[in-house]
1. Quick query: amide H of A:D198 versus all other amide H atoms, modeled in the peptide plane; which residues come in under 5 Å with a sequence gap of 5 or more or a different chain?
2. Using amide H atoms built in the peptide plane, which far-off residues or other-chain residues are under 5 Å from A:S547 H to H?
3. Once R0 is set to 56 Å, what does the formula 1/(1 + (r/R0)^6) return for the Cβ-Cβ distance between B:R2 and B:L242, expressed as a FRET efficiency to the nearest 0.05?
4. Taking Cα centroids, how far is the stretch A:410-434 from the stretch A:537-571 in Å?
5. For B:Q175, place a label point 7 Å from Cα along the Cα-to-Cβ direction in every copy; what are the distances to the other copies, in nm, shortest first?
6. Identify the trypsin sites (Lys or Arg not before Pro) of the stretch A:387-444 meeting these criteria: DSSP loop state and at most 14 other C-beta atoms within 10 Å of the C-beta.
7. Between A:K254 and B:A55, what is the spin-label point distance in nm, taking each point 7 Å from the Cα along the Cα→C-beta axis?
8. For the stretch B:478-575, would you read off the P(r) tail past 17 Å as a percentage of all alpha carbon pairs?
2 protein chains.
Amino acid sequence: MRASRFFVSTLKEAPSDAEIVSHKLMMRAGMIKRLGSGIYSYMPMGLRVIRKVEAIVREEMNRAGAIEMLMPVVQPAELWQETGRWDKMGPELMRVKDRHGRDYAIQPTSEEVITDVVRTEIKSYRQLPVNFYHIQTKFRDERRPRFGLMRGREFTMKDAYSFDRDVEGMQRSYQLMYDAYVAIFNRFGLQFRAVAADNGAIGGSGSHEFHVIADTGEDALVYCSGSDFAANMEAAEAPGLLAQRQPPSQPLTKTPTPGKTRCEDVAELLGLPLSQTVKSVVLMADAAEEGGEKQLWLLLLRGDHELNEVKASKVPGLGQFRFASETEIVEAFGTTPGYLGPIGTARPVKIVADRTVANMNDFVCGANEAGFHYTGANWGRDIPEPVVCDLRNVVEGDASPDGKGVLAIQRGIEVGHVFQLGTRYSADMKATFLDVNGKPALMQMGCYGIGITRILGAAIEQNFDDKGIVWPASIAPFEVVLCPMGYDRSAMVKEETDRLYAALQAAGVDVIVDDRGERPGVMFADWELIGVPHRVVIGERGLKDGSLEYQGRRDAAATPVALADMAEFIRGKLQA
Amino acid sequence: MRASRFFVSTLKEAPSDAEIVSHKLMMRAGMIKRLGSGIYSYMPMGLRVIRKVEAIVREEMNRAGAIEMLMPVVQPAELWQETGRWDKMGPELMRVKDRHGRDYAIQPTSEEVITDVVRTEIKSYRQLPVNFYHIQTKFRDERRPRFGLMRGREFTMKDAYSFDRDVEGMQRSYQLMYDAYVAIFNRFGLQFRAVAADNGAIGGSGSHEFHVIADTGEDALVYCSGSDFAANMEAAEAPGLLAQRQPPSQPLTKTPTPGKTRCEDVAELLGLPLSQTVKSVVLMADAAEEGGEKQLWLLLLRGDHELNEVKASKVPGLGQFRFASETEIVEAFGTTPGYLGPIGTARPVKIVADRTVANMNDFVCGANEAGFHYTGANWGRDIPEPVVCDLRNVVEGDASPDGKGVLAIQRGIEVGHVFQLGTRYSADMKATFLDVNGKPALMQMGCYGIGITRILGAAIEQNFDDKGIVWPASIAPFEVVLCPMGYDRSAMVKEETDRLYAALQAAGVDVIVDDRGERPGVMFADWELIGVPHRVVIGERGLKDGSLEYQGRRDAAATPVALADMAEFIRGKLQA
């Protein structure tokens, strides 16, 4: 490619609405252009990266036996009604009416459509397994779109859907996709981690997320360096930190703690470790789940621990919950938040203790009276034995659930997700096949997504410096940029530039020559901002010595390379 | 590709809603699957064709200097309001509200978005010309979607937009695109014709349509075999068929013609040629165009000619018209349709005569009295001289407007359209640049569309037989199919099939081997229906003689080809 025939458009400053580095750099490098809230045009430079990401995804999906097709963006509501998602999904699902008033969804994913295709196309077990995928424009009407391509509304996703005869088959298909994802993210040249995840709203029986590691990631990833345990924070099981409960050694004592509503402050006042305190979280369970009655729940966590809301939602009866209002709390506990505890509530509440709390003795908790806490509280003696659940987030140093070491935590950006769906969709949509015995059976489904456009943002969050983006070569808009010094002034420079350009093109290298006639400073700054991984400078001075200057995007300085060796040198760099 | 790892799904019968051959064959060959009215999933077999069409389009667009980007499907209404198209476009424009109640269009084209991009990105004449294109999902809420991909609602289109400093530049950009389109349609291997067209609703100053020639085409194309004149029916100028008016030779005579309301019947009754009769078409002009007054118009055509509505709409004052209602006609003419004419109307009407009619003498026309016509009617003597316009469709044998021969007519399917837009959009959206004198000037625009998915339907309408589709090799889902007789039974067949498969793959041939284990009859029927252009049968009998059977999709019989020569033979066929 010649830059004079391409569209290079860089900015000195990012627009003020760009909050994170990848958004800022993509705007400055002219990769995307904002059209509306969470809606971007992909400019030529950005589209090249998208196409490279798509090509890698496509190759590995095909290699894994998945078959590409293309499902529509605008999808009839009827199918979404069959699975109940038309009603269950909130305003994220963009809905539109046609000229006849018929309802359609603008697809955020395509479970319904593919299941509709498959239930009519697949009749016999002999046609299974099958795995279809497409790479298509998606829309999700986010409440607060932000961070450029990281949380946009319109985006490109690769979504695949496997159909199997039985659960074992589904698990094999799932493993094939898991392995394909590992191959894909390795080829992207990104540091990533696959973590066990909660299935969440999409339903089904097992899932993993694929995260690009980045300090700026929104998600906390939990892993064990001594084993292959890895899960996201929602799914990482927390051990009880106390192996066994010690017997009571202190009397229950109501102690004045005026103005001390946080565990930290109470511990400081009393001269006790924070790990001796217990904090109270009050939740209101959705009436629908409790036979028409609203039910208040008291969840107890150690003072230095944090509630994990996904775990809370798995407590039987808490499937749908919200945090209780202050009015509801005062009514049930007789006091305001800050002094709540399990002893002597004004009305009965359901009490659940985190695993660690259940083994604590002589602990501190609120006395349900403003300005007072209890010390020396003990289960069995002062409070009935509680229901015990895993309620907290793990922390660094917790024992790994597999018993093979301790947990560490790092930040990640979710870019892929694989799900075992089982019959979540095939049952609602009656997607059956005739099994080996000629009996109708429900297909076992899996679904597998990769956020194509989000990869761009995640790759940048992991790979940038103060000059701009540092693309891995496999997804860079160009692998190599040639910067001639005086392309239009020096016949020698032009000739050698054109020669190297032709040699690299012949070798299959994706190379751009900057023939725009810009000053060296502008050229260098542009391509460093854009993040092309390899740069060659062709200048008269070097040519007189028979050499060119090579500089890798992360190199501190340039290296002279003999003119005759440069094409081979570059090929070596790209194969490295 | 191995068929066992692909998805082959053929049908014996097309669904009953498939009216035309391309729709039927695409459904039967498993290329598309209906999701809703005018909305289709592209199945793996169909997607392969789409991708090949896209690749050819992309290559030729790039070669012509256009730059690929990708604009969003969901576009803010504000931009569409700037050009007035938000209001002007009817229900074909699919509109959607987001969770905050803001309006968006689901793009049918992207003039507004690209003009918005360019007005902020392009500041100087030095950045012009530039031509951006994208290949993206479009939606047009057709009143009556039908014919499969030919008149769908969701479809894929390549749309390009050029921006120039001045009209001459725009015309150069237009010619580049015109030439690129010729290259593209040649590479598709389709018979096509570019015809001059009316700009219509999109506005601007010149355009050509690209049509795939097919007897089943919806459009009539007019061309001159003696020159390069070609236009669609709307744009083809019709000559006056009479060079000069002869003087009156008959008296004006009111003649009884009871029950004869059609020119054909009147001519027969009176024993006169149809070309001696004149028919009346009554139009009502939109009140808005005529200063608040509704205005009735009488258009006169020779009895054997047809009204061209686009030409009628170009008569000054008739920009917006509809056919008059019977009530309006009776009120103005004093009688019902069938006996209307220019002589003695009950109220004054505006009269326009087609060029041919204006030179007729002694003609027959309605007498504005039920059951009566005039014979011997003459301009000047019986009726004031009329306004004269080109109002009719041309017919085969008409003189070409360039004076170089006579016109012929053939049917076509519109698959591409190039427009000179001038400042139609840049003026509304204030898309200016600083010209060589540092003064702001409006950009001169062109736009260029190709209906990617429609190409599939058009290619089939031109290339099919009673067995199925006959794809040109350049856009066939596979170039070659290998049909082994007993792949799983005969080691020799398997070995030679795999060897040929590998040899063809190594030669860059897009080949599929049918390893599904189907019977020969099923295999042959499937691939003939799907339309793969080259077939090789590998059987034990032939192998014993060292030969395989080759059959081109249009060949009546197979040709034996030596085993060792087959790969080269196929390559020769593909290069032919």
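Read-outs: derived from the displayed coordinates by stated rules, not from any lab. The shown structure was predicted, so the numbers you read here are calculated from the model rather than taken from an experiment. Using ideal geometry, Cβ is built from the backbone for each residue, glycine included, and neighbour counts are taken over all protein chains shown.
1. Residues meeting the criterion, in which the H sits 1.01 Å from N, are A:A235.
2. Answer set, sorted by chain and number: A:L563.
3. The value I calculate is 0.25.
4. Between the Cα centre of the stretch A:410-434 and that of the stretch A:537-571, the gap is 51 Å.
5. 6.5
6. Details: sites: A:R392, A:K404, A:R411, A:R424, A:K430; in loops: A:K404, A:K430.
Those satisfying the criteria are A:K404, A:K430.
7. Reported label-point gap for A:K254 and B:A55 is 8.2 nm.
8. Numbers: 2078 of 4753 pairs.
Roughly 44 percent, rounded to a whole number.
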